[in-house]
Amino acid sequence: MALYILKRLLAIVPTLLGVAVLIFLLLRVVPGDVVEARYMGQGGQFQSQELMQIERAKLGLDKPLWQQFTAWMWGIVRLDFGLSMWTGSPITDEIKLRFALSLQLAIMASTIATCLAIPLGILAAIKQDSWVDYAVRVFSISGLAMPSFWLGILMILVMLIFFKWLPPMVFTPLWVNPWDNLAQLIWPALAVGYRYCAVGTRMMRSAMLEVLREDYIRTARAKGLWLKLIVSRHALKNAILPVLTVISLEFAFLLGGLVVTEQVFNLNGLGMLFVESISRRDYTLTQALVLLVATTFLIVNFVVDIAYAWIDPRIRYR
Amino acid sequence: MSATPQTVEESGSAAEPRGGWMDAVGSFVRQRPLGAIGAAIILLMMVVAASADLLAPYDPLATDYGAMLRSPGGHHWLGTDAFGRDVLSRMIYGSRTALMVGLGASFLGATFGSIIGVASAYFGGRVDLFVQRVMDVFFAFPVIILALAVVSILGTGVGNVILAIATPMVPRCARVVRSSALSVREMPYVDAARAAGFGHRRIILRHMLPNVMAPILIMATAFLGEAILLEASLSFLGLGVNEPTAAWGLMLRGAAVEFAESAPWMAFFPGLAISLAVFGFNLFGDSLRDALDPRLRTQ
């Protein structure tokens, strides 16, 4: 088991390296760089080439690519992510508060999704092809269909038109004022949570249906056990694994992938930072963000794999 | 496994000589009512897109500064936007953009993904291992971030958005197709083709690919709705289709949010169109999966 964990953990390293190479090269293929992006805002055409070259040299952009890459990698090994090319302040400072916001939002959204998805999915599976099943399926499939940013706009509209109230537009950390914080974040969490709940519900339903067809469930039924007991004791344990996988992997993506919803609710999270940094050609910040999201995803993936092997003894460690 | 006899029985009844395609449609509607609703929505969308020139009451690009932010009713059924453009007309033309991007992206993504997946399974060994590691790298990116990165390289516009949306779909399709292709590789007819001296390309494209068509079709239809959603998201961010092209995501952008209180129709109707389209494709895709994949079939 220990060997298996170590092997899986080591396998993360080459993937992360691949992510780093990919984003490093992708960014350099994007036309323009941070110096041009900055002077563009100040009528860049009139800046002399020499001045721009000096600026580039300051940021190390004049060095060969492999030197830039190794410098970046060497920094990461020492947990030094460098400075943002746009603002000049340390990247850890740039990311800190936004990370807190994104993390809280991701936790809230996945909590909402999990709490709804599991009971709804079970219900739909037990009452398969009844009106309950159809209602749950329509509910979940609409969740997949509605863009969460549109749902967000609708929420704001309803609050504005019917309640003459808007959630606070400036972020207050949970530890400063929990009430303001929740009043702001609950709406995007609901808008996004609905979508992930839909994904989870569908997964729960199909996993449950599959398990309910297994021989041991038939045996349990044949010996006259209650349906409730069969579902909670026998079926749930086996059906819940894929659902947890989906929800936890979505969680990792919620962290960085809420680009659009953040825009609607005017939230200054990681997604917004990503769009900003890529449009400013802020290489160092964009790279750090992508690496952060990818690392989170890979670690969650790893934890899920280990949990799988731990929960389900049928899975062998290789 | 218990579903296998049922499959035979059903395909038997479908092959009865007196049944034309009308009967086939009828039985599809009866057996999969949700799928039929989805198909109807898709059909409606296609008809609207094809006959946009006839259906749209106004030119979708024509601005009318005398009729800005008109509420629904009167000459403009669904109102006008901040430039006085007719919302209904823009929605009708927007269905073209959505279909074009959706079909284009999922076709491209599924084609490249399945070829990579089958080739990876066919060659096996080191090639397979390498391809899988590369796919792992792509998997670690959130879909929208990968699409955004591609758009910032290629620039905005319909063609580039199609490429940007297809990119994150390639690895996902490749992974699913690969796992199906792994079992196909062991089939005697692949051995036979190899023994007959056919080249790799011919075996992959002519012998293996047709036999993993079911998962490819399932993936492609599942992508359709997602691609439309992604296009709307990118356009909403201003990084998708360019103004003044009529696109649903674009209609939700900017003024629609600014004037949300005084002109809520601008934000409401395009979003409804997106949801309806994705809803239709998802319903249809689900039924298709149930029909093609007997393992997941409902009893």
Going 7 Å from the Cα of residue A:2 toward and past its Cβ, which residues in segment A:277-318 have a backbone nitrogen under 17 Å from where you end up?
A:317-318
Helix-only estimate, please: 222 nm mean residue ellipticity of chain A, summing -39500 (n - 2.57) across DSSP H runs of length 4 or more and dividing by its residues, to the nearest 500.
-25000 deg cm²/dmol
Once you list every other residue whose beta carbon is under 13 Å from the beta carbon of residue A:51, what net charge do they have if Lys and Arg are +1 and Asp and Glu are -1?
0
Could you please report the charge total around residue A:158, scoring K, R as +1 and D, E as -1 over all other residues with beta-carbon less than 15 angstrom from its beta-carbon?
0
With only alpha-carbon atoms in the gyration tensor, what are the semi-axes of the equivalent ellipsoid for the protein assembly as shown, in Å, largest first?
39, 33, 27
Residue pairs, from the table A:127/A:223; A:58/A:96; A:7/A:63; A:127/A:164, whose Cα atoms sit over 30 Å apart
A:7/A:63; A:127/A:164
Once both label points are put 7 Å beyond Cα along the C-beta direction, the residue A:28-residue A:232 separation in nm becomes 6.0
Of the chymotrypsin sites (Phe, Trp or Tyr not before Pro) in segment B:191-261, those whose Cβ has at most 15 other Cβ within 10 Å and which sit in DSSP loop:
B:198
What distance in nm separates the simple spin-label points at residue A:215 and residue B:213, each placed 7 Å from Cα in the Cβ direction?
3.6
Tilt, helix B:4-14 to longest principal axis of chain B (alpha-carbon atoms), in degrees rounded to tens, equals 60
Using a simple charge model, +1 on the beta-carbon of Lys and Arg, -1 on the beta-carbon of Asp and Glu, nothing else, what dipole does chain B show about its Cα centre, in debye to the nearest 20?
980
Mind checking the mean number of beta-carbon atoms from other chains within 10 Å of the Cβ atoms in A:148-158?
5
Mean residue ellipticity (222 nm) of chain B, computed from DSSP H runs ≥ 4 via -39,500 (n - 2.57), nearest 500
-22500 deg cm²/dmol
When the Debye formula is applied to the Cα atoms of segment A:91-269, each taken as the same point scatterer, what base-10 log of I(q)/I(0) results at q = 0.11 Å⁻¹?
-0.56
In percent, how large is the relative contact order of segment A:91-269, given Cα pairs closer than 8 Å and 6 or more residues apart?
37
If you take the charge dipole of the protein assembly as shown about its Cα centre, with +1 on Lys and Arg Cβ and -1 on Asp and Glu Cβ, which of B:223, A:86, B:198 is farthest toward its positive end?
B:198
Positive end of the charge dipole of the protein assembly as shown (Lys, Arg +1 and Asp, Glu -1 on Cβ, about the Cα centre): tell me which of B:37, A:1, B:132 has its Cα farthest that way.
A:1
Of the peptides B:209-217, A:195-203, how do they stack up when ordered by the mean number of other Cβ atoms within 10 Å, highest first?
A:195-203, B:209-217
Could you state the number of Å between the C-alpha centres of segment B:263-279 and segment A:200-276?
28
Selected from A:240, B:104, B:87, residue furthest toward positive end of dipole (the protein assembly as shown; charges at beta carbon):
A:240
Roughly how far apart, in whole Å, are the Cα centres of segment B:105-138 and segment A:102-135?
33
Restricting to Cα pairs below 8 Å that are 6+ residues apart, what does the relative contact order work out to for chain B? Please round to a whole percent.
25
Over the Cα atoms of chain A, Rg to Rh with Kirkwood Rh, two decimal places?
1.06
Would you work out the charge dipole size for segment A:91-269 about its Cα centre, treating the Cβ of every Lys and Arg as +1 and the Cβ of every Asp and Glu as -1, and quote it to the nearest 20 debye?
740
Could you work out how far helix A:283-311 tilts from the main Cα principal axis of chain A, as a 0 to 90 degree angle to the nearest 10?
20
Chain B: angle of helix B:21-31 to the longest principal axis, Cα-based, in degrees nearest 10
80
Share (percent) of C-alpha pair distances in segment A:33-126 greater than 23 Å works out to 54
Hey, can you rank B:125-134, A:149-158, A:285-294 by average C-beta count inside 10 Å, highest first?
A:285-294, A:149-158, B:125-134
For the protein assembly as shown, give the magnitude of the charge dipole about the Cα centre (Cβ charges: +1 Lys/Arg, -1 Asp/Glu; no others), in debye to the nearest 20.
1920
Work out the FRET efficiency for residue A:36 and residue B:68 from their Cβ-Cβ distance, taking R0 = 41 Å, and round it to the nearest 0.05.
0.65
I want the local charge near residue A:27. Using Cβ-Cβ distances under 10 Å, sum +1 for each Lys or Arg and -1 for each Asp or Glu among the other residues.
0
Can you order the peptides A:29-35, A:48-54 by their average number of other Cβ atoms within 10 Å per residue, highest first?
A:29-35, A:48-54
Can you compute the label reach from residue B:127? Point 7 Å from Cα along the Cβ direction, backbone N cut-off under 16 Å, restricted to segment B:203-224.
B:203-209
Within a 10 angstrom radius of each residue's Cβ in B:147-154, how many Cβ atoms of other chains show up on average? Whole number is fine.
5
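We did not get these values from a lab; they are worked out from the coordinates using the rules stated. Source: prediction; values computed, not measured. Note that each Cβ is placed from the backbone with ideal geometry, even for glycine, and that neighbours are counted across all protein chains shown.
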